[in-house]
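Down below is the structure, laid out as structure tokens.
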Amino acid sequence: MSDDQKDWRKLGFRTRAVRAGHERTSEGEQSEPIFLSSSYVFESSAQASARFAGDEPGNVYSRYTNPTVRIFEQRLAAMEEGERCVGTASGMSAILATCMSLLKAGDHIVASRALFGATIVMFDTLLPRFGVTTSFVPLTDLDAWTQAISPSTRMLFLETPSNPTTEIADIAALAELAHARGCLLVVDNCVCTPALQRPLTLGADMVVHSATKYLDGQGRCLGGAVVGSDALVGVEVFSFMRTAGPTMSPFNAWVFLKGLETLDLRMHAQSRNAQILAAWLETRPGIQRVHFPGLESHPQHALAARQQTAPGGLLAFEIPGGQDAAWRFIDATVLVSKTANLGDTKTLITHPASTTHRRMPPEARNAVGIIDGLIRIAVGLEDTDDIKQDLQRGFDAIR
Ligand SMILES: *Cc1c(COP(=O)(O)O)cnc(C)c1O
């Protein structure tokens with residue numbers, strides 16, 4: 001391949017998704033190889049010493065680098081338009097690695113209050129034990145972000161759209177604020193993926209991923225990633241990872257590579273299915289509210305249309321009758337899967353208040369709209385008529 005073709009910036013997104021990162025070996029393989037090898041053999045003691053010293057590039061040990069994981073990292077970096085990517089064992093370890101490599105005792109984070117449940121627990125209870133504190137603010141309130149920043153604030157952290165209530169953050173505005181105040185903006189891009197939104201191009205400094213979700217796309221493997229500049233990710237995050245060790249398994253990296261190849265097709269197809277279902281849900285009698293950025297009733301519909309290429313596959317809706325009704329609705333379905341994951345080709349149904357967000361105090365939960373009657377759907381690739389028929393069983397059960 002010519003050097004020009006290796007500059008992925010010159011190629012389209014879909015080309016990067018299927019080709020970036022793979023340098024065919026002398027075996028001539030068409031599909032990316034899986035390198036299940038913990039360590040690597042040196043030609044001489046002098047080479048071993050040079051590799052350990054970092055004077056010579058090359059593999060040493062799979063906690064540092066692995067050829068299959070590297071293909072995944074280069075491909076995702078090309079798709080997010082970042083200089084470097086580091087793969088991690090899970091989405092949570094990507095967030096932990098970001099915090100541990102960039103923050104120290106005395107530092108402060110300003111974070112959206114509408115975050116993945118385990119991220120809130122990490123920021124609220126784990127990081128304070130190491131002297132890092134967090135202020136939580138409403139995702140869409142730019143004044144609240146501005147006021148929460150103090151001289152010790154080092155990082156702003158958000159997810160957009162938020163899960164499950166699909167609030168949208170103005171990434172460019174928050175990047176400008178972060179940089180004016182000497183902070184880094186970190187965006188968890190798990191719900192949109194680079195197929196629908198590329199935060200680094202809007203000014204964010206780093207992107208974190210749970211590869212477990214749409215990057216895999218078929219509910220098989222746990223993994224995560226951090227993407228950003230050479231200085232932040234290539235040096236700081238990589239140094240933490242090679243020492244602390246929450247690294248991605250090469251087998252999982254291979255599964256994610258196959259997932260990335262169909263990511264763009266899946267994300268747009270799942271978005272289209274979600275749009276059809278959200279519009280249908282809005283017409284159901286008794287429904288109180290449907291959260292979906294593709295609906296004109298969504299408070300930030302215009303911002304979502306500007307910032308994302310499609311609304312995404314996640315939606316939530318409110319029914320009357322609290323947890324009892326929500327559980328009856330969910331338990332009446334037979335096709336959709338009752339599971340707390342998201343980003344699968346199969347449609348998933350969840351009651352966030354009693355599962356993914358149950359560790360949040362009820363007041364905090366209600367403040368972000370995760371009321372007891374809220375049901376979340378991560379829309380898959382089935383025929384929408386079949387999903388509608390299944391959800392109708394839920395409506396019949398609460399009538
Ligand atoms: C699932 C998820 C995570 C955590 O990822 P794991 O792979 O489960 O560790 C982080 N952020 C978001 C938005 C998620 O949905």
Of all residues making up region 198-214, the number that are assigned to a helix (DSSP H, G or I) and within 16 Å of the ligand (Cβ to nearest atom): 1
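Here is a yes/no grid of residues against (1) more than 19 Å from Val69 (Cβ to Cβ); (2) in a loop (DSSP other than H, G, I, E, B):
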| residue | (1), (2) |
| --- | --- |
| Pro161 | yes, yes |
| Ile168 | yes, yes |
| Gly182 | yes, yes |
| Pro194 | no, no |
| Asp216 | no, yes |
Tally of residues being more than 12 Å from the ligand (Cβ to nearest atom), of a type outside the set (Gly, Ala, Ser) and either open to solvent by 10 Å² or more (accessible area, probe 1.4 Å) or over 18 Å from Asp230 (Cβ atoms) (or both) across region 76-105: 8
Selection from region 28-61 of residues that are β-branched (Val, Ile, Thr) and open to solvent by less than 50 Å² (accessible area, probe 1.4 Å): Val60
Residue check, Arg220 out of contact with any Gly (no Cβ under 8 Å at 6 or more places or on another chain), surrounded by fewer than 19 Cβ atoms within 10 Å (Cβ to Cβ), in the same structural domain as Ser135 (by TED's automatic domain parsing) and not aromatic (Phe, Trp, Tyr): yes
Count of region 292-310 residues which are under 15 Å from Ala169 (Cβ atoms) and either open to solvent by 60 Å² or more (accessible area, probe 1.4 Å) or of a type outside the set (A, V, I, L, M, F, W, C) (or both): 10
Among the candidates Ala173, Ala204, residue that is surrounded by fewer than 17 Cβ atoms within 10 Å (Cβ to Cβ) and out of contact with any Asp or Glu (no Cβ under 8 Å at 6 or more places or on another chain): Ala173
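Restricting to region 138-164, and then to whatever is out of contact with any Pro (no Cβ under 6 Å at 6 or more places or on another chain) and within 13 Å of the ligand (Cβ to nearest atom), can you tell me which residue is farthest from His108 (Cα to Cα)? Outline the logic, then answer.
Taking region 138-164 first, the residues out of contact with any Pro (no Cβ under 6 Å at 6 or more places or on another chain) are 138-143, 145-160, 162-163.
Right, trim to within 13 Å of the ligand (Cβ to nearest atom) and you get 139, 157-160, 162-163.
Details: Leu139: 17, Phe157: 11, Leu158: 14, Glu159: 18, Thr160: 21, Ser162: 22, Asn163: 24 Å.
If we take residues in region 138-164 being out of contact with any Pro (no Cβ under 6 Å at 6 or more places or on another chain) and within 13 Å of the ligand (Cβ to nearest atom), then Asn163 is farthest from His108 (Cα to Cα).
Residue-wise test of (1) over 26 Å from Leu348 (Cβ atoms); (2) modelled with pLDDT of 95 or more; (3) in contact with a Cys (Cβ under 9 Å, 6 or more places away or on another chain).
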position: Met122; (1), (2), (3): no, yes, yes
position: Leu127; (1), (2), (3): yes, yes, yes
position: Gly131; (1), (2), (3): yes, yes, no
position: Met155; (1), (2), (3): yes, yes, yes
position: Glu167; (1), (2), (3): no, yes, no
position: Ala180; (1), (2), (3): yes, yes, no
position: Cys192; (1), (2), (3): no, yes, no
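One residue is enough: does region 271-287 have a residue meeting the conditions in a helix (DSSP H, G or I), in the same structural domain as Ile370 (by TED's automatic domain parsing), over 25 Å from Ala326 (Cβ atoms) and of a type in the set (A, V, I, L, M, F, W, C)?
No - not one qualifying residue is present in region 271-287.
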Residues located in region 106-115, provided they are within 16 Å of the ligand (Cβ to nearest atom) and among the hydrophobic types (A, V, I, L, M, F, W, C): Ile109, Ala111, Ala114, Leu115
Every pair of residues 6+ apart whose Cβ atoms lie under 6 Å, when the first sits in region 219-237 and is within 16 Å of the ligand (Cβ to nearest atom) while the second is assigned to a strand (DSSP E or B) and open to solvent by 10 Å² or more (accessible area, probe 1.4 Å): Gly224/Ser210
Helices (runs of 4 or more DSSP H) wholly inside region 22-127 containing at least 3 residues that are closer than 30 Å to Gly182 by Cβ: 67-80, 91-102, 117-121
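The values are calculated or read from the model by the stated rules, or taken from the named source; none is laboratory data. Fair warning: this is a prediction, and the values are worked out from it, not measured in the lab. No Cβ is skipped: glycine too gets one built from the backbone with ideal geometry, and neighbour counts run over all protein chains shown. All accessible areas refer to the heavy atoms of the entire protein, side chains included, with ligands and DNA or RNA removed. Shrake-Rupley method; radii C 1.70, N 1.55, O 1.52, S 1.80 Å.
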